[in-house]
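Chemist: Have a look at the structure that comes next, please.
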Amino acid sequence: MAFMVASALQAQAAPCRMKMALEQWPPYVYSRPDGPPAGLDLELAQAIFKEAGCALQLLPALPTARRQRQFEQGGLDLLLAASDTAERRKYARFSVAYRFESVSVFTRSANLARYRGVRSVEALAGKNLSLLAPKLGWYGAAYARVQPQLLASGHLSTFLNFEQGMRMLDAGRAELILGDTAALRHEAREQGIAIAPLPFTVLRAPVHLMLNKHSTTQAELDLLNAAILRLEKQGVLAEIRGRYGVS
């Protein structure tokens, strides 16, 4: 069943209406069995759409690859937390940034002292350290450069979601784990595992609302961009990010 981020009356008068599929990516977007969908990116999107006077329809969750395919085929109007790339601009338009993503490498807190000298992704390969990393997704140019070397040497194992990755770390499948900073911290808290970041950041980059170029208009994007800028000036988006521990 779809949820509407607006009353029926507001939806009728909304200057724009867009639909997006939910996903299970805590703390950014996730469904709860005992309540409505939640998460940082969802709260940010809801605030932006409300400020713009637009309606956002939330459809049931889809696997990542299927969600992307439906977007490209015009079945979805919006994806969250997107990186702005030349390839994607063939079929999408992007809002101004509404937050920054951060990618880090973590280890168990008790083991942090032994890795204090590791200050880059390249050093992981040079020191033959075992690493866990997501199977899908973009985690920065530095990681992309060393990934083939880590795979060839047998020092890289991959996981499909952060719950699985954290269980693999806890089971001793590798010394280190790479991924979205907030997502790894969230999953570690859920599983009661103490982790700490190595002293460098793999990636810090802006993320955007990604609108389907064929089912949305530039005027609709302008409404959302203006809403983002107003909410940033008012401190509303910063307050939401702060509640999730994201600067």
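The values are calculated or read from the model by the stated rules, or taken from the named source; none is laboratory data. Keep in mind the model is a prediction, meaning the values are calculated, not measured. Cβ sites come from the backbone with ideal geometry, for glycine too, and all protein chains shown count toward neighbours. Just so you know, the surface numbers come from the protein's heavy atoms only, side chains and all, with ligands and any DNA or RNA stripped out. Shrake-Rupley method; radii C 1.70, N 1.55, O 1.52, S 1.80 Å.
Chemist: Take the residues in the stretch 15-55 that are open to solvent by less than 50 Å² (accessible area, probe 1.4 Å) and more than 21 Å from the chain's Cα centre (by Cα); name whichever of them is nearest to GLU163 (Cα to Cα).
Modeler: If we take residues in the stretch 15-55 being open to solvent by less than 50 Å² (accessible area, probe 1.4 Å) and more than 21 Å from the chain's Cα centre (by Cα), then GLY35 is nearest to GLU163 (Cα to Cα).
Chemist: Separate question: On the given criteria, is SER247 within 21 Å of ALA82 (Cβ to Cβ) and loosely packed, with under 13 Cβ neighbours inside 10 Å? Spell out the reasoning first.
Modeler: Numbers: within 21 Å of ALA82 (Cβ to Cβ): yes; loosely packed, with under 13 Cβ neighbours inside 10 Å: yes.
The answer is yes for SER247.
Chemist: Which residue pairs have Cβ atoms under 7 Å apart, sit 6 or more places apart or on different chains, and have a first residue in the stretch 23-48 that is assigned by the TED database to the domain that holds ASP180 and a second that is among the aromatic types (Phe, Trp, Tyr) and surrounded by fewer than 18 Cβ atoms within 10 Å (Cβ to Cβ)?
Modeler: Filtered contacts from the stretch 23-48: no entries.
Chemist: Could you name every one of the helices (runs of 4 or more DSSP H) located completely within the stretch 60-152 that has at least 2 residues being assigned by the TED database to the domain that holds ARG189 and more than 15 Å from the chain's Cα centre (by Cα)? Can you show your working first?
Modeler: On the way: elements: 64-72, 121-126, 141-152.
Where helices (runs of 4 or more DSSP H) fall fully within the stretch 60-152 and carry at least 2 residues being assigned by the TED database to the domain that holds ARG189 and more than 15 Å from the chain's Cα centre (by Cα), they are 121-126, 141-152.
Chemist: Can you tell me which residue among ASP41, ASP77, ASP34, ASP84 is of a type in the set (Asp, Glu) and in contact with a His (Cβ under 6 Å, 6 or more places away or on another chain)? Reasoning before the result, please.
Modeler: On the way: ASP41 fails: in contact with a His (Cβ under 6 Å, 6 or more places away or on another chain); ASP77 fails: in contact with a His (Cβ under 6 Å, 6 or more places away or on another chain); ASP34 fails: in contact with a His (Cβ under 6 Å, 6 or more places away or on another chain).
Residue meeting the stated conditions: ASP84.
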